[in-house]
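Sending over a structure as structure tokens; questions will come in a sec.
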Amino acid sequence: MLGGFLLRWLFNTLGIAIAAWLLPGLDVSGARGAFVAALVLGLVNASIRWVLLILTLPFNILTLGLLTLVINALMLYIVAAIVPSALKVKSFWGAFLGALIISVLSTVLSGYIFMPAPGRL
């Protein structure tokens, strides 16, 4: 259980670092900043994100799930507000694309690592 948490934290850290490297709208203050931002992002997602998803469920259904991407960008803004020394978000599109990169990368890596081997279903 702890190993899974640490791996997902590492995947989020990699996602944040790669998003900051690719996008001019995100700035991370080194590897330590990426680790701190990933930890805070995990805590924010676990505590606030689900509430926003439930409150916006009708609009999320209406937009066919695209509102979730906006909520993910909002989570990055919240993380940047909590730890401004670790993560800086310069624009909405930087947060939007950064959240998209982080989500896709961490999902792909988690699926690759935690997927059961063929024949072990």
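What are the residues in the range 78-98 that are assigned to a loop (DSSP other than H, G, I, E, B) and either open to solvent by less than 30 Å² (accessible area, probe 1.4 Å) or among the β-branched types (Val, Ile, Thr) (or both), if any? Write out each step before concluding.
Let us first name the residues in the range 78-98 that are assigned to a loop (DSSP other than H, G, I, E, B), namely 83-86, 90-91.
Hits for the range 78-98 are Val83, Ala86.
Quick check: anything in the range 7-15 in contact (Cβ under 8 Å) with a residue 60 or more places away in the chain, over 14 Å from Ile71 (Cα atoms) and of a type in the set (Phe, Trp, Tyr)?
At the first step, the residues of the range 7-15 found to be in contact (Cβ under 8 Å) with a residue 60 or more places away in the chain are 7-8, 11-12, 14-15.
Now restrict to residues that are over 14 Å from Ile71 (Cα atoms): 7-8, 11-12, 14-15.
Going one step further and asking which of them are of a type in the set (Phe, Trp, Tyr), we end up with 11.
Looking through the range 7-15, at least one residue is in contact (Cβ under 8 Å) with a residue 60 or more places away in the chain, over 14 Å from Ile71 (Cα atoms) and of a type in the set (Phe, Trp, Tyr).
Still on this structure, please answer the following. Identify all residues within the range 99-121 that are part of a helix (DSSP H, G or I) and surrounded by fewer than 14 Cβ atoms within 10 Å (Cβ to Cβ); write none if there are none. Can you show your working first?
Start the filter on the range 99-121 by keeping residues that are part of a helix (DSSP H, G or I), which leaves 99-114.
Across the range 99-121, the qualifying residues are Val104, Thr107, Val108, Gly111, Tyr112, Ile113, Phe114.
The values are calculated or read from the model by the stated rules, or taken from the named source; none is laboratory data. None of these values were measured; they are calculated from a predicted model. Note that we place each Cβ from the backbone using ideal geometry, even for glycine, and neighbour counts take in every protein chain shown. With ligands, DNA and RNA removed, areas are computed over all heavy atoms of the protein, side chains included. Shrake-Rupley method; radii C 1.70, N 1.55, O 1.52, S 1.80 Å.
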